[in-house]
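**Q** Encoded as structure tokens, here's the structure I'll be asking about.
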Amino acid sequence: MLKKFFSYYKPHKRLFIIDFSSAVFVAILELAFPVAVQWFIDKLLPGGDWNKIVTIAFLLFLVYLFSTILQYIVSYLGHKLGINIETDMREQLFTHVQRQSFRFFDNTKTGHIMSRISNDLFDIGELAHHGPEDFFIAIMTFVGAFVIMFNINPELAVIAIIMIPFLIWLVTYCNIKMNNAWKNMYSRIADVNARVEDSVSGVRVVQSFTNEEFEINRFKKDNGSFRLAKLIAYKVMAVTHSSIYMMTRLVTLLVLVVGAWFSFKGSLTYGELVSFVLYVNVLIKPVDKISALLELYPKGMAGFKRFLELIEQEPEIKDRPNAENIKGLMGDIQFNDVHFHYDDHKSVLEGIDLKIRAGETIAFVGPSGAGKTTICSLIPRFYDVTEGSISIDGIDIRDMTKHSLRSQIGIVQQDVFLFTGTIRENIAYGKRNATEEEIRDAARKAHLEDFIASLPDGYETQIGERGLKLSGGQKQRLAIARMFLKNPPILILDEATSALDTETEKIIQQALNELAVNRTTLVIAHRLATIRDADRVVVVTEDGIAEDGTYTELVNQGGLFSRLHNIQFQEV
Ligand code: ADP
Ligand code: MG
């Protein structure tokens, strides 16, 4: 998994090298500083040469300047590296999700994908930036500082390091506590977010039940839990920091006292003593850093694992290697002994044989749950047949590219999905390079013109989130306009008018009839009045296709369809 992780550094190799080597330089300068001080005190001070001191001070200034630039590079370019990797991964994830098949979305929660794309990737980016760099630098400074200290005075070096194991224990212990505290905090903020999302998207229900007070109180509770969780996290953090502070001072004090004693005995110079005190800080800093990494690493890697799980999931429906780009389909559809099930334990279609001629309008009727929508979603390969085959114009649909197949099939459903944006943008979704003329033409054919003309902003009217500002009939007409633009030879209308009142249905039906001209059209409908003009009616039940014929034929046959017919037209 680490190998896969590092493969994401590849496109940013240069950035990584610059950042990494700057960090190494900074560490070296930091390591060298106490030695310089020691030399200053022991060698330079006794000489009393003012000019020399000024020269040294100037050189030191140059070194500091250099070090400042390096600090800037490490801080800025390091984060840039992390963000770049995070952005690459996010794009890869989004692209991957776009290519997934319907079954993937049947089984994956939207919130799940959202949290991969935001939280997880943030943790991964942090790890990508800090992980290798901090780890290497920490080890290097720790070992470096100890080696230098050991060279100056082995006994004092051992005394300085004696407390380190205890410090490591302390830091690790605090880290586990802190980890739990953060984890708790994250799940509390997730609760708060979920509550906000729920109340805001459901605000119409909230207000119609006048439950605002109730919502506010529920929110207060979640918000309070979040506050508490975050407070605990900060408390643990404060304990950690002050403990580390105290440990550092204790070690410093110990080194100072023992060092003073060595100095009295004459085995340690003043300069060495000062540099030792400074090294104690250099020695302890990496321990702190490593402990932070111990927190970052499992978090980032867990996120990366979840990321890989998604990324390595192959799309179920893919183009065959020899799939062809078939253009200009006539729309002659044939089902050959088609079997299908969504999941293993329940078969939905068993041995469907069906022939639909090009240009024909065919209606599917039958009880809800019989499999009408399923039959239609097999044609654009939203799912693949489990057994048997489907062909269009004599070509197996699996031998066409997904893109060429789907771009020649249009689907209008009961619940229209519109995107946040303007009316124009939503119509143009049917053909992204559509001209102004084509868009207006489509709107006219969908009987939308008068409505658009009545709006102050016309085509530029914002339709709200998912078309919230439009009525059901207006949304449906927008969907039809979109379809006129797409202009596919095969059209599927899945209960497109079922949610509308009878008056609106009539207008929409008229637009749909115009849309169906010169196309192979599959209509799924509940109200039989809407399929009177169909060339053929197919009755689908849970056992498969029960009846197949013209409207009048089926009524006269006296089967299921004639019973449905009698019920509906008696009631009206
Ligand atoms: P109809 O359109 O005739 O009402 P459907 O084709 O929607 O029926 O559904 C046929 C059967 O398949 C039903 O039992 C339904 O529960 C099941 N089904 C539909 N969609 C899915 C899905 N995405 N995953 C699993 N089962 C499904
Ligand atoms: Mg259906």
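**Q** Taking K and R as +1 and D and E as -1, what net charge do the other residues with C-beta under 14 Å from the C-beta of H79 add up to? Mind showing how you got there, number by number?
**A** On the way: positive: K80; negative: D19, E86, E126, E133, D134.
Residues close to H79 contribute a combined charge of -4.
**Q** According to a simple spin-label model (label point 7 Å from Cα along Cα-to-Cβ), what is the distance in nm between V24 and I395?
**A** 5.7 nm
**Q** For the residues W39, W169, what sequence is obtained by ranking on other C-beta atoms within 10 Å, fewest first? It would help to have the intermediate numbers written out before the result.
**A** Details: W39 14, W169 10.
Lowest count first: W169, W39.
**Q** Going out from 0 in 10 Å bins, what whole percent of all Cα-Cα distances in the stretch 266-336 drops into each bin?
**A** 13, 16, 15, 13, 12, 10, 8, 6, 4, 3, 0
**Q** Let me ask another. Can you compute the FRET efficiency between Y186 and D344 using 1/(1 + (r/R0)^6), with r the Cβ-Cβ distance and R0 = 35 Å? Round to the nearest 0.05.
**A** Details: r = 36 Å, r/R0 = 1.03.
Step by step, r from the Cβ atoms, then E = 0.45.
**Q** Expressed as an acute angle from 0 to 90° and rounded to the nearest 10, what is the orientation of the C-alpha long axis of helix 502-516 relative to the principal long axis of the chain?
**A** In the chain, helix 502-516 runs at an angle near 90 degrees to the longest axis.
**Q** Alpha carbon centre of the stretch 74-103 versus the stretch 1-40: separation in Å?
**A** Value for the Cα centre distance between the two parts: 24 Å.
**Q** May I pose another question? Quick one: Karplus J couplings for the stretch 218-234, per residue in order, coefficients 6.51, -1.76, 1.60, θ = phi - 60°, nearest Hz, x for Gly and Pro?
**A** So the Karplus estimates, Gly and Pro as x, are 4, 5, 4, 5, 5, 5, x, 4, 5, 4, 4, 4, 6, 4, 4, 4, 5 Hz.
**Q** Between W261 and E553, what length in nm is gained on full extension when 0.36 nm per residue of separation is reduced by their alpha carbon distance? Walk me through the numbers before you get to the answer.
**A** Values: separation 292, 0.36 × 292 = 105.12 nm, distance 11.32 nm.
Result: 93.8 nm gained on full extension.
**Q** Calculate the translational D of the stretch 1-105 in whole µm² s⁻¹ from Stokes-Einstein, where the hydrodynamic radius comes from the Kirkwood formula applied to all Cα pairs, the temperature is 10 °C and the viscosity 1.306 mPa s. Mind dumping the intermediate values first?
**A** Values: Rh = 17.6 Å.
In µm²/s, the coefficient rounds to 90.
**Q** Let me ask another. For the residue pair Y173 and E212, what label-to-label distance in nm results when each label sits 7 Å from Cα along the Cα-to-beta-carbon direction?
**A** Going by the 7 Å Cα→Cβ label model, 5.2 nm.
**Q** Taking amide H positions as placed 1.01 Å from N in the peptide plane, with prolines and chain starts having none, which residues 5 or more places from A363, or on another chain, fall under 5 Å of its amide H?
**A** When sequence neighbours closer than 5 places are left aside, the close amide H contacts are V523, R536, V537, V538.
**Q** Can you give the alpha-carbon Rg of the chain over 2.2 N^0.38 Å, where N counts its residues?
**A** For the chain, the normalised Cα radius of gyration is 1.46.
**Q** Please give the Cα centre distance for the stretch 277-335 versus the stretch 354-407, rounded to the nearest Å.
**A** Cα centroid to Cα centroid, the span is 34 Å.
**Q** Could you check the simple spin-label distance between Y245 and A194, using points 7 Å along Cα→Cβ, in nm with one decimal?
**A** Reported label-point gap for Y245 and A194 is 3.8 nm.
**Q** Taking the Cα centre of each part, how many Å lie between the stretch 234-250 and the stretch 131-189?
**A** 13 Å
**Q** Now, a different point. Please report, for the Cα atoms of the stretch 160-291, the Rg to one decimal and the Dmax as a whole number; what are they, in angstrom?
**A** Final numbers for Rg and Dmax: 25.1, 87 Å.
**Q** Determine one quarter of the surface area of the Cα convex hull of the stretch 118-202, which equals its mean projected area, and express it in nm² to one decimal.
**A** Details: hull surface 29.3 nm².
Orientation-averaged projected area of the Cα hull: 7.3 nm².
**Q** May I ask you to derive the relative contact order of the chain, considering only C-alpha pairs under 8 Å and at least 6 residues apart, and to give it as an integer percent? Show your work: numbers first, answer last.
**A** On the way: 722 pairs, mean separation 81.1, N = 572.
For the chain, the relative contact order is 14 percent.
**Q** Using DSSP, restrict attention to beta bridges with both residues in the chain and report what percent are antiparallel, rounded to the nearest 5. Let's see the in-between values first.
**A** On the way: 19 of 38 bridges.
Once the DSSP bridges in the chain are tallied, antiparallel ones form about 50 percent.
**Q** Would you mind counting up the charge near I463? Only other residues with Cβ under 13 Å from its Cβ, with Lys and Arg at +1 and Asp and Glu at -1. List each step's numbers first, then the result.
**A** Working: positive: R424, R466, K469, K475, R477, R482; negative: E425, D457, E460, E465.
My count for the surroundings of I463 gives +2.
**Q** As a footprinting exposure proxy, order R406, R227, R381 by other Cβ within 10 Å, with the fewest listed first.
**A** R227, R406, R381
**Q** Per DSSP H run of at least 4 residues, take -39500 (n - 2.57); add these up for the chain, divide by its residues and hand me the 222 nm value, nearest 500 deg cm²/dmol.
**A** On the way: 20 runs with 357 residues, N = 572.
Rounded to the nearest 500, it is -21000 deg cm²/dmol.
**Q** Apply the Karplus curve 6.51 cos²θ - 1.76 cosθ + 1.60, θ = phi - 60°, to the phi angles in the stretch 49-60 and return the couplings in whole Hz, x for Gly and Pro.
**A** Working through the residues one at a time gives 8, 4, 4, 4, 5, 4, 4, 4, 4, 5, 4, 4 Hz.
**Q** For the stretch 27-170, I need the span (max minus min coordinate) of the C-alpha atoms along each principal axis, in Å, sorted largest to smallest.
**A** Dimensions of the stretch 27-170 along the principal axes of its Cα atoms: 82, 37, 17 Å.
**Q** Okay, moving on. Amide H of I411: which non-local residues (sequence gap of 5 or more, or other chain) have their own amide H closer than 5 Å, using H built in the peptide plane?
**A** Placed amide hydrogens put I492 under 5 Å from I411.
**Q** Mind ranking 477-483, 13-19 by how tightly packed they are, going by the mean number of other C-beta atoms within 10 angstrom, highest first? Provide the component values of the computation, followed by the final result.
**A** On the way: 477-483: 26.1, 13-19: 15.3.
In decreasing order of mean packing, 477-483, 13-19 become 477-483, 13-19.
**Q** Let me ask another. Considering only the other residues whose Cβ falls under 12 Å of the Cβ of F105, what net charge follows from Lys and Arg at +1 and Asp and Glu at -1? Mind showing how you got there, number by number?
**A** Working: positive: R99, R103, K109; negative: D106, E316.
Net charge in that neighbourhood comes out at +1.
**Q** Residues with amide H under 5 Å of E547's amide H, sequence separation 5 or more or different chain, H placed in the peptide plane at 1.01 Å from N; which?
**A** Amide H neighbours of E547: V539.
**Q** Further, regarding this structure: Please turn the phi angles of the stretch 444-457 into ³J(HN,Hα) values with the Karplus equation 6.51 cos²θ - 1.76 cosθ + 1.60 (θ = phi - 60°), one per residue in order, whole Hz, x for glycine and proline.
**A** 5, 5, 8, 6, 9, 4, 4, 4, 5, 5, 6, 8, x, 9
**Q** Rg over Rh of the stretch 438-552, using C-alpha atoms and the Kirkwood radius, what does it come to?
**A** On the way: Rg = 15.8 Å, Rh = 15.5 Å.
Radius of gyration over Kirkwood radius for the stretch 438-552 works out to 1.02.
**Q** Could you estimate the translational diffusion coefficient of the stretch 356-486 from the Stokes-Einstein equation, with Rh from the Kirkwood formula over C-alpha pairs, at 37 °C and 0.692 mPa s, in whole µm²/s? If you can, show how the numbers build up before the last one.
**A** Details: Rh = 16.7 Å.
This corresponds to a translational diffusion coefficient of 197 µm²/s.
**Q** Still on this structure, I have one more. Let me know the volume per residue of the alpha-carbon convex hull for the stretch 99-242, in Å³. Don't jump to the answer; show the numbers that get you there.
**A** On the way: hull volume 21.6 nm³, N = 144.
In the stretch 99-242, the Cα hull volume divided by residue count equals 150 Å³.
Bear in mind that the values in this text are calculations on the coordinates, not laboratory data. Keep in mind that what you see is a predicted model, and the values were worked out from it rather than measured. Note that we place each Cβ from the backbone using ideal geometry, even for glycine, and neighbour counts take in every protein chain shown.
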